[in-house]
Amino acid sequence: MAGITFKHVVKTYDNGVTVIPDLNLEIKDKEFVVLVGPSGCGKSTTLRMIAGLESVSEGELYIGDRLVNNVAPKNRDIAMVFQNYALYPHMTVYKNMAFALEMRKTPKAEIDEKVREAARILELEPYLKRKPKELSGGQRQRVALGRAMVRNPEVFLLDEPLSNLDAKLRTGMRSQISSLHKKLQTTFVYVTHDQTEAMTMGDRICVMKDGVIQQFDTPQNLYNSPCNMFVAGFIGSPQMNFIDARVEQADGGYVLAFGETRVPVSADRIASYAGKEVILGVRPEDLHIEPEMVAAAGDAVIKASIDLDEMMGSEIYLYFQIDGKKMISRIPSKYAAKSGDTVTLAVDTDSIHIFDKETEKAI
Ligand SMILES: Nc1ncnc2c1ncn2[C@@H]1O[C@H](COP(=O)(O)OP(=O)(O)OP(=O)(O)O)[C@@H](O)[C@H]1O
Ligand SMILES: [Mg+2]
């Protein structure tokens, strides 16, 4: 059992480029942590440093209490599952899972017990005699997980393990990996650039950009209280709407003003920005079309001329523009608004986000 701690870790590749400038991160024992961020932000680099496949240029990396900067990968008690899981094609499923243990000269009976246990948990028992090419993508991915499991690692590292699978299989494997984590009670570090995967699987999510942690928090907190515009835009689908607004005084309080719209804000939150421009963030689900909400919203409404409607089943996505910028509203599909219509949408004033225009930090 082990947590993982990065203390001022720097990673500079041989070409002299520093991709991780100063990483401080504490992953708890048994936690499921997801590293998420755009391509090239340093997720795989971070994971590969934990695995020992990349060296740490500066700082300290601990697995449990042990400083591992100079510990060889095979002595770290970790197992890694990659996107391209590279099973041995000529070996059966059983042999694929047993192979690493055989190399370590583990007694045969013990190998058998571990392989069968992993096969039971991963529901691979019917396939043990098959070769990888006789399996579906999801089954192969489970064999790759099984190969990691039989080693009883203290830490599981997974780098985009589902990105080769089609959407439906991915959803199924997502919940299988989550339940595997619950069963095994070990630390999981999972890399993805898919925010849905991150939100559904992580106990905590570490959002990275350019090698720098933006926010490390629970899915709920990332969604409800993003610390800056990057996190706000990255978490949530469709993306949060960002609207330029002015902070104005009105009726003894404050409003965010744009066009005809006036969104009230509490004085303690915004008084220091009086007269300034800020960025208002509103999630698509916080723009409401229900007539009773529009009636109650006063001037906190947006008149939207719909450019495009997308029927998603239970809801409709409405696309419109404010000052030439694309906006989206998610409405229940029983309100049959469509492109060409002009609709009035109420801003849920309790759920708005406000950002400093210069620093892009949440206010
Ligand atoms: N061996 C290397 N030598 C030099 N630069 C590298 C090396 N490996 C990765 N990089 C660079 O380090 C940065 C981070 O790469 P990394 O693979 O960690 O990104 P990532 O977040 O995993 O991206 P993706 O989502 O595309 O997998 C990138 O700019 C990449 O080009
Ligand atoms: Mg990567």
* To do: Find the helices (runs of 4 or more DSSP H) located wholly in the stretch 127-228 whose residues include 1 or more that are within 30 Å of His8 (Cβ to Cβ) and at pLDDT below 95, and list them.
  => 137-149, 167-184, 195-201
* For residues that are farther than 19 Å from Ser351 by Cα and in a helix (DSSP H, G or I), tally how many sit in the stretch 243-272. => 1
* Asked: In this structure, is Ser57 within 15 Å of ligand 2 (Cβ to nearest atom) and in contact (Cβ under 8 Å) with a residue 24 or more places away in the chain?
  -> no
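Looking at Phe99, is it more than 16 Å from ligand 1 (Cβ to nearest atom), over 22 Å from Tyr190 (Cβ atoms) and among the aromatic types (Phe, Trp, Tyr)? Can you show your working first?
Values: more than 16 Å from ligand 1 (Cβ to nearest atom): yes; over 22 Å from Tyr190 (Cβ atoms): yes; among the aromatic types (Phe, Trp, Tyr): yes.
When the stated conditions are applied, Phe99 passes them.
Going through the stretch 304-363 one residue at a time, which ones are of a type in the set (S, T, N, Q), assigned to a strand (DSSP E or B) and under 30 Å from Ala271 (Cβ atoms)?
Let us first name the residues in the stretch 304-363 that are of a type in the set (S, T, N, Q), namely 305, 314, 321, 329, 333, 339, 342, 344, 349, 351, 359.
From the residues that got through so far, the ones that are assigned to a strand (DSSP E or B) too are 305, 321, 329, 342, 344.
Selection gives Ser329, Thr344.
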* Where Ala167 falls short, out of the listed (1) surrounded by 16 or more Cβ atoms within 10 Å (Cβ to Cβ); (2) aliphatic (A, V, I, L, M); (3) more than 16 Å from ligand 1 (Cβ to nearest atom) -> (1)
* Is it the case that the stretch 58-70 has a residue that's touching a Lys or Arg at 6+ places or on another chain (Cβ under 9 Å) and over 24 Å from Tyr190 (Cβ atoms)? -> yes
* State the number of residues belonging to the stretch 6-36 that are of a type outside the set (Phe, Trp, Tyr), more than 6 Å from ligand 1 (Cβ to nearest atom), touching a residue at least 60 places away in the same chain (Cβ under 8 Å) and in contact with a Phe, Trp or Tyr (Cβ under 8 Å, 6 or more places away or on another chain). => 8
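Within the stretch 330-345, is there a residue that is closer than 16 Å to Ile279 by Cα and modelled with pLDDT of 95 or more? Before you say what the answer is, go through the steps one by one.
To start, the set of residues in the stretch 330-345 that are closer than 16 Å to Ile279 by Cα comprises none.
No, the stretch 330-345 has no match at all.
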* Asked: Given the residues Gln195, Gln176, Gln220, which is the only one that is out of contact with any Pro (no Cβ under 8 Å at 6 or more places or on another chain) and more than 23 Å from Gln141 (Cβ to Cβ)?
  -> Gln220
* Looking at this structure, is Ser39 small (Gly, Ala, Ser), within 16 Å of ligand 2 (Cβ to nearest atom) and in contact with a His (Cβ under 9 Å, 6 or more places away or on another chain)? -> yes
* For the stretch 201-233, which residues satisfy the criterion of being free of Cβ contacts under 8 Å to residues at least 24 places away in the same chain, buried (at least 19 other Cβ atoms within 10 Å of the Cβ) and more than 17 Å from Lys361 (Cβ to Cβ)? -> none
* Asked: If you check Ala144 against the conditions, is it more than 16 Å from ligand 1 (Cβ to nearest atom), in the same structural domain as Thr196 (by TED's automatic domain parsing), over 23 Å from Ser179 (Cβ atoms) and crowded, with 18+ Cβ neighbours inside 10 Å?
  -> no
* When you scan the stretch 231-278, how many residues do you find that are hydrophobic (A, V, I, L, M, F, W, C), in the same structural domain as Ala295 (by TED's automatic domain parsing) and farther than 16 Å from Ile302 by Cα? -> 8
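The values are calculated or read from the model by the stated rules, or taken from the named source; none is laboratory data. All values derive from a computational prediction rather than experimental measurement. Here Cβ is always computed from backbone atoms with ideal geometry, including for glycine, and neighbour counts include all displayed protein chains.
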